[in-house]
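Novice: Take a look at the following structure, please.
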Amino acid sequence: MKRLPVVLFLAWVSLLFYSSIWLFISGFLLMRIELNNQSSCAEPPSSAAYKGFQQQQDYCWFPHKFEKAVIVIIDALKHDFAKYDPANTNPKQFQNKLEIIHRLTQSHPKHARLYPFQADPPTTTMQRIKGMTTGSLPTFVDVGSNFASYAIQEDNLIHQLVHNGKKVVFMGDDTWDGLFPQKFHKSYFFPSFNVKDLHTVDDGILRHLYPTMDGDDWDIVIAHFLGVDHCGHKHGPDHPETAKKLAQMNDMLSSLIEHLDDQTLLVVAGDHGMTDTGDHGGDSEKEVNAALFLYSKTPLFGNELEKDPEAVPQVNLVPSLAFLLGIPIPYSNLGAIIEDLFYSTHTKASAYQINALQVDRFLHSYSLAAGDLPAEKLKHLKDLFSSVTEEYEHVISMWSQSSESESHLESQLLKLIHRYQQYLVQARAMCMESWARFHPVRMIAACSILSLCCLLCYLVGEAGPCLKVSYKHLLGYPIFWSLSAALVFGLELWTSIVDLDTASIFGLVSLASQLCFLYYFRKQSSRKNRPHSRSNFLLFSISSIMLFFRCCSLFSDSFVVAEGEVAPFLLISLLTMTVAKLHWDGRLTLLTLPSLGSESLKPSLSPSYKKECPRLLGLLAGLTFCARLSGIFHSCREETPNCQPSTFLTPLSSVQDPQIKNLSYIGCVVSLGIIVYLLRKWLQHYGNLNSSSPIVLYVRWAFPLITLGISCYWALSSGADDSLTRLHDLKKLALVVFPRVIYALAGLGLLLMICNPVTVYMKRTWDSEADNTVTTYCAAPGSEAELLHVIPQIYRKMQRNLKNRLQQGMEDKEEKKTAAVEAYGLGSVYSAAMVVTLTLLALILLMLHSERLTPSFFILLVEAIIILYIHSHVSNLYSAPNGLELFSVPWYAVTAWALAGTQGFYTTGHQPVFPAIHWNSAFVGFQDGHDNNIIPAILVAANTFSSHILFSAGSSLLLLWPFLCETPTIRRKKPKAEQREGKVEEDDTPMMEMRLRENPDKFSVGLLQLGAKFLFIQGVQLLSCVCAAMILRRHLMVWKVFAPKFLFEALGFTVSSIFLCLGIALVLRVDCAVSKWFKNLILHHPR
């Protein structure tokens, strides 16, 4: 049996898919070019910048107003959190908590003002810090580096402050350390990634904030608090912990104001908002609407507001702070100054003039470097700027000459200010649109390569039997030519003959490899007469119809939003139509009634109906019930405002009602226990729990320990933060120890499964009727072919001996007895290894989710079992007497399996949007954070794609389960005479999974076909998402719906393909271990 080529072939195909994904991303999610130019006092944007002022030596670009500044960033401070409404007598937990802001804005309106602070998406912390320090616009793809925090190379406020002699002291979120390494005069960084930790960062800041301000070794203090954001992630905004944290921030601001002097500016800002569930990252109104509060003890604003101030874009803070502190505006800034901060019309116009000159200089430099700004819009902005600048210089000239009345000149300046504002707004809008640029050639090339990948998988899935002797041609040659192409392109790149990036080279290499495969495939398949069977046709089948609807739905934003409801509908429809087709093909006889004149009206049932029809109908009903029931564990998107997220998504620690918390905990533990109990009963039923092998002992003892450990972890994590105060350190230690012990036990289980996956119990008995003769080519099998010939005979003789012994009982006790071998669990040895492994993975993935999602995982596993049994019954009814068709998994089964995996993604509380990612999973067992980004990335990915992991790793069960559930319909019937004589035919006893050993080549080809079909189904869905994102790239919902869907689909495909290969590799490892087990049995068998 060819084992290694099967895994290598699937791994090679997966790499082809990865290269196409990479190529498409390089053309679809392009990052803008970052200019390294820097502003300086010695080089103002233009000499015209100084025409409104007399040359002085004590300011840079613009007269500064403050010597010092305290910048307080309260992460996720929504504008709703900062507002105060005295008329609200029944406020929510997050309302009316920042009383100090309300009191200052009311009592000192010229000293304090609260603004809505509009963030640019994506609303993740790192991108917002970039925006508030550079004044530029991070692109969509930058969100991927949110937790890698690459250092900012563009000109920014921190660089300008340090370069101009300001002592900058930072304290708080350690994200700033990665963005601005070695920039701060003093720094106090605290770990920020642990969203369950509400106090470490904030308490650390408060320890250093007031002593720092009381000293004189600072000019700028930046304090980044994280407690409010972490409260939102852990509990949601409307929670008592959020109220406590906001009250703490109110006390902090009250004390901080007392430490300010007249030359110090206070800036309090939120970097982004949060949804009703406490998440952020998208572009909904609640996520982008933050708060900005400005205060100083000297008058800061020229007049009082008669109405609420308009929203301020976050980038507008950059030029405003630069002017107030007397430093140059960062080179790449696109923000406009906050108009209220400048009193006189003359001063305001001069500030806008300098601001516009700086933006014009940046646009000119960027257009020369990148060339991707639209020429027409750029020309329009240039004409507008030139016209306004010319008028400004003319008005300033008349002002200096006093040739016109001051009121007339002031009205002219007000008009110019309005036109400058228009210029700055239009410039920012143009850049926002242009930086969503695309590379059509790369996207089309990626779609072409991805289409060829799908075609490759389809051909292998349809024509698997012709591949049994052609691995050399269909795997070796394509890999050889791909490596040759890679070498050629590498040499050309090294010698500068071609100018290609890495993604393009990998794309070309993949294309060469695919074309080579298709050539040799056509050459090989033309020499063979390929057998055609029912399961080898996808076109014009029920599966193709469902797959077509599934792919078409990915082009509609409404269907993508409602995919969690579409997937189960397609799943149930597919299997219902499959069962209906059984009756259409005459394989399933329905209920028939005799004529009215007959003696009995009792319905006559055919044998097949009696056995299969009720089972199939019951399984369909159970599947429908599970699919409907699992819908209660849903999450909501912002596009569905009327949707209410499931209460089961809320962790037990956030449940305030003790009775509900206790009942939920009991229900979760019971569901967890049922999963382990059903595993033991299944293994016991098939005889796989009798062995004394390490893996069986592990199942007996380690699984209950894992269940107990998870239950204890849930009990500790669901307790209130202020409970068990005296045992706080012990509780914190236990929250680390329990998950890590479970991780270790899971790793041990997987290691035991790899080392010895055979769960067979062998028993020697003495039976005079035992037939111990085994036909071999020689005394003992000396080759793999001879061993494969012997194994089915051994299994049949074991069954025959056991059956004879059960029939004859203990007769003839004095008769001489010979040795007989009985093996329990041999007929399910492959499935047992897979079921144990999948259950172990399910327990670990379950621990990474909210404990209240345990019933959802239980329902998901039950649904998977129902699909397997439906598939087994349908396959056995269609199968020929020799059972050879069971070696090829039909398309409907693979499609249903993939749809169930998609449904499981949504029923475990996920959505293909960034705000819905469960970041808490990164800290299960790592309460104190991580030293790197690899472990948290793995944990978050395992949580997000848990359904993909289970269904891809368990896809081999689609091939194994029909053999496990073997029925008499696939075995040759015995003649009645032989039945009366008690003769037993070799084919009469079900061989179950040992039938796979009768046809080892078909077994390996069946696994290859199964893997290719699964990759085809997943690949076609990915291709649909790629085409939707490419075709609809100018659609209004592209960045809200189609781009996130593509990214999640691409990541899901990557995870699925990896675990598909691992699952098939495990089956092949079991096959290798079974061969070794039989070989040892033959060598030690008495002849």
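The values are calculated or read from the model by the stated rules, or taken from the named source; none is laboratory data. On a predicted model such as this, the values are computed, not experimentally measured, just so you know. Counting neighbours? That spans all protein chains shown, and the Cβs are built from the backbone with ideal geometry, glycine included. Only protein heavy atoms, including side chains, enter the accessible area calculation; ligands, DNA and RNA are left aside. Shrake-Rupley method; radii C 1.70, N 1.55, O 1.52, S 1.80 Å.
Novice: Which one is surrounded by the most Cβ atoms within 10 Å (Cβ to Cβ) among residues in segment 369-395 that are among the aliphatic types (A, V, I, L, M) and more than 15 Å from R419 (Cβ to Cβ)?
Specialist: Within segment 369-395, the match that is surrounded by the most Cβ atoms within 10 Å (Cβ to Cβ) is L373.
Novice: Scanning for something surrounded by 24 or more Cβ atoms within 10 Å (Cβ to Cβ), modelled with pLDDT under 90, more than 29 Å from the chain's Cα centre (by Cα) and assigned to a helix (DSSP H, G or I), does segment 831-847 turn up at least one residue?
Specialist: Scanning segment 831-847 turns up no residue that is surrounded by 24 or more Cβ atoms within 10 Å (Cβ to Cβ), modelled with pLDDT under 90, more than 29 Å from the chain's Cα centre (by Cα) and assigned to a helix (DSSP H, G or I).
Novice: Can you tell me which of (1) open to solvent by less than 20 Å² (accessible area, probe 1.4 Å); (2) in contact with a strand residue (DSSP E or B) (Cβ under 6 Å, 6 or more places away or on another chain) is the one A322 doesn't meet?
Specialist: Of the numbered conditions (1) open to solvent by less than 20 Å² (accessible area, probe 1.4 Å); (2) in contact with a strand residue (DSSP E or B) (Cβ under 6 Å, 6 or more places away or on another chain), the odd one out for A322 is (2).
Every residue, every condition in (1) farther than 17 Å from S20 by Cβ; (2) open to solvent by 30 Å² or more (accessible area, probe 1.4 Å); (3) among the polar types (S, T, N, Q); (4) free of Cβ contacts under 8 Å to residues at least 40 places away in the same chain, yes or no:
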residue	(1), (2), (3), (4)
E998	yes, yes, no, no
F1003	yes, no, no, no
Q1009	yes, no, yes, no
L1015	no, no, no, no
C1025	no, no, no, no
V1041	yes, no, no, no
S1057	no, no, yes, no
D1071	yes, no, no, no
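Novice: Scan segment 412-421 and give yes if some residue there is on the phi > 0 side of the Ramachandran plot and either open to solvent by 50 Å² or more (accessible area, probe 1.4 Å) or without any contact (Cβ under 8 Å) to a residue 24 or more places away in the chain (or both), otherwise no. Walk me through it before giving the result.
Specialist: The initial filter retains those residues of segment 412-421 that are on the phi > 0 side of the Ramachandran plot, namely none.
Scanning segment 412-421, I find no residue that is on the phi > 0 side of the Ramachandran plot and either open to solvent by 50 Å² or more (accessible area, probe 1.4 Å) or without any contact (Cβ under 8 Å) to a residue 24 or more places away in the chain (or both), so the answer is no.
Novice: Just to be sure I understand the filter: pairs with C-beta atoms under 6 Å, separated by 6 or more residues or on different chains, first member in segment 547-565 and of a type in the set (A, V, I, L, M) and buried (at least 16 other Cβ atoms within 10 Å of the Cβ), second member at pLDDT below 90 and not in a helix (DSSP H, G or I). Which pairs pass?
Specialist: Listed by first residue and then by second, the contacts come to V561/R637; V561/E639.
Novice: Residues that are more than 38 Å from the chain's Cα centre (by Cα) and at pLDDT below 90: find the helices (runs of 4 or more DSSP H) completely inside segment 209-311 holding 2 or more of those. Give the derivation first.
Specialist: Details: elements: 227-234, 240-258, 285-288.
The helices (runs of 4 or more DSSP H) meeting that bar number zero.
Novice: Something else: When residues of segment 146-189 are filtered for being in contact with an Asp or Glu (Cβ under 6 Å, 6 or more places away or on another chain), at pLDDT below 90 and open to solvent by 20 Å² or more (accessible area, probe 1.4 Å), how many remain?
Specialist: Residues meeting the conditions: 1.
Novice: Continuing with this model, one more query. Residue check: is S921 open to solvent by less than 10 Å² (accessible area, probe 1.4 Å), more than 25 Å from L716 (Cβ to Cβ) and in contact (Cβ under 8 Å) with a residue 60 or more places away in the chain?
Specialist: no
Novice: Quick check on this structure: which one of G215, G236 is free of Cβ contacts under 8 Å to residues at least 12 places away in the same chain and over 21 Å from H111 (Cα atoms)?
Specialist: G215
Novice: Being in contact with a Gly (Cβ under 9 Å, 6 or more places away or on another chain) and either modelled with pLDDT of 85 or more or crowded, with 18+ Cβ neighbours inside 10 Å (or both) is the requirement here; does S20 meet it?
Specialist: Working: in contact with a Gly (Cβ under 9 Å, 6 or more places away or on another chain): yes; either modelled with pLDDT of 85 or more or crowded, with 18+ Cβ neighbours inside 10 Å (or both): yes.
So S20 passes the test.
Novice: If V889 satisfies every condition in (1) open to solvent by 20 Å² or more (accessible area, probe 1.4 Å); (2) of a type in the set (A, V, I, L, M, F, W, C); (3) over 30 Å from T124 (Cβ atoms); (4) assigned to a loop (DSSP other than H, G, I, E, B) but one, which is the exception?
Specialist: Failed condition: (1).
Novice: Between L748, L752, which is open to solvent by 60 Å² or more (accessible area, probe 1.4 Å) and in a helix (DSSP H, G or I)?
Specialist: Result: L748 is the single residue among L748, L752 that is open to solvent by 60 Å² or more (accessible area, probe 1.4 Å) and in a helix (DSSP H, G or I).
Novice: When the residues of segment 380-394 are narrowed to those that are free of Cβ contacts under 8 Å to residues at least 24 places away in the same chain and over 53 Å from the mean Cα position of the chain (by Cα), which ends up farthest from S411 (Cα to Cα)?
Specialist: E390
Novice: Kindly evaluate P45 against the criterion of being within 30 Å of I354 (Cβ to Cβ), at pLDDT 90 or above and open to solvent by less than 70 Å² (accessible area, probe 1.4 Å).
Specialist: It is false that P45 is within 30 Å of I354 (Cβ to Cβ), at pLDDT 90 or above and open to solvent by less than 70 Å² (accessible area, probe 1.4 Å).
Novice: Another question, if that's okay. Is there any pair with a first residue in segment 239-257 that is hydrophobic (A, V, I, L, M, F, W, C) and a second that is open to solvent by 30 Å² or more (accessible area, probe 1.4 Å) whose Cβ atoms are under 7 Å apart and which are 6 or more apart or on different chains, and what are they?
Specialist: Qualifying pairs under 7 Å: A243/Q93; A243/K97; L246/K97; A247/K97; M252/L206.
Novice: Please go through segment 353-368 and pick out each residue that is within 44 Å of the chain's Cα centre (by Cα) and either open to solvent by less than 10 Å² (accessible area, probe 1.4 Å) or under 26 Å from S405 (Cα atoms) (or both).
Specialist: N355, A356, Q358, V359, F362, L363, Y366
Novice: Please verify whether L373 is under 30 Å from F438 (Cβ atoms) and modelled with pLDDT under 90, treating the condition exactly as stated.
Specialist: In short, yes.
Novice: Oh, and also: Quick test for you: out of A916, A896, A864, pick the one residue that is open to solvent by less than 10 Å² (accessible area, probe 1.4 Å) and either among the small types (G, A, S) or over 30 Å from V1038 (Cβ atoms) (or both).
Specialist: A896
Novice: Would you kindly identify the helices (runs of 4 or more DSSP H) lying entirely within segment 74-140 that contain at least 3 residues that are open to solvent by less than 30 Å² (accessible area, probe 1.4 Å), modelled with pLDDT under 90 and of a type outside the set (S, T, Y)?
Specialist: Qualifying helices (runs of 4 or more DSSP H): 125-134.
Novice: Return only the number of the condition from (1) under 23 Å from M126 (Cα atoms); (2) among the β-branched types (V, I, T); (3) open to solvent by 10 Å² or more (accessible area, probe 1.4 Å) that T345 does not satisfy.
Specialist: (1)
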